[in-house]
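Enquirer: Got a structure for you, questions after.
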């Protein structure tokens with residue numbers, strides 16, 4: 001069942017008015033807390049009931065909130081168009097002076113315009129330079145240390161990859177030897193260069209048998225030719 005809209009007017013029944021006051025007050029304080037937490041705002045809520053009782057909530061301190069409120073209110077009331085223009089001229093002059101001081105300090109840090117400085121000011125400038133140099137050295141040392149750690153990490157990673165590659169190469173060699181055993185009956189076949197210039201990768205015992213047969217074929221021919229010459 002949908003809830004009907006409540007008319008925004010004074011509740012005549014005192015009991016109903018008190019119940020509504022209690023509920024709305026709790027909801028208002030809850031919303032104020034959420035606003036202070038979520039938005040990092042400085043919130044202050046002050047409530048007086050119809051009986052004159054005070055209820056309040058503040059994210060920091062109610063006194064500091066009121067003081068800040070009064071200061072801001074007075075400031076805005078005093079800022080007429082002419083006074084506001086004067087305020088911004090003063091603010092611009094202050095920022096310009098701050099910029100000149102920063103530039104002067106920068107030139108002195110570079111070793112320029114030191115003739116008019118007192119001895120105490122020179123000591124302070126020297127201490128400031130030493131402090132800045134120390135901070136630079138610390139930062140440089142940290143950068144070098146981080147770089148060395150990164151290189152060590154990469155070196156360890158490369159070493160691990162080399163170990164894995166070595167294992168793979170060893171496994172490939174073992175597979176090759178197994179294949180050679182299956183093909184030649186030995187761990188390795190012997191390769192020889194034939195008279196035609198081509199390599200022959202037949203097993204060694206087969207090449208020896210072929211050479212022995214060639215010798216046996218050649219010997220009888222030599223004997224026959226020698227016998228004919230003697231006659």
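Each value in this text was obtained by applying a stated rule to the coordinates, not by laboratory testing. Everything numeric here is computed off the predicted structure, so don't read it as measured data. Here the Cβ positions follow ideal geometry from the backbone for every residue, glycine too, while neighbour counts run over all protein chains shown.
Enquirer: What full-extension length gain, to one decimal in nm, is calculated for residue 13 and residue 46 as 0.36 nm per residue of separation minus the Cα-Cα distance?
Expert: So the chain would gain 9.4 nm between residue 13 and residue 46.
Enquirer: Going by C-beta contacts inside 10 Å, put 108, 68 in order with the fewest on the left.
Expert: Fewest-to-most ranking of 108, 68: 68, 108.
Enquirer: Would you mind computing, in nm to one decimal, how far apart the modelled labels at residue 166 and residue 86 are, each placed 7 Å from Cα along Cα→Cβ?
Expert: Output for this residue pair reads 8.5 nm.
Enquirer: Something else: Give the order of 102, 19 when sorted by the count of other beta carbons within 10 angstrom, beginning with the fewest.
Expert: By the 10 Å Cβ count, ascending: 102, 19.
Enquirer: Report Rg/Rh for the range 117-184, rounded to two decimals, where Rg is the Cα radius of gyration and Rh the Kirkwood radius.
Expert: Result: Rg/Rh = 1.69.
Enquirer: Please report Rg (one decimal) and Dmax (integer) in Å for the Cα set of the range 1-106.
Expert: Looking at the range 1-106, its Cα Rg and Dmax stand at 23.2, 75 Å.
Enquirer: While we're on this one: Return the tail of the calculated pair distribution for the range 80-131, meaning the percent of Cα-Cα pairs more than 18 Å apart.
Expert: 50
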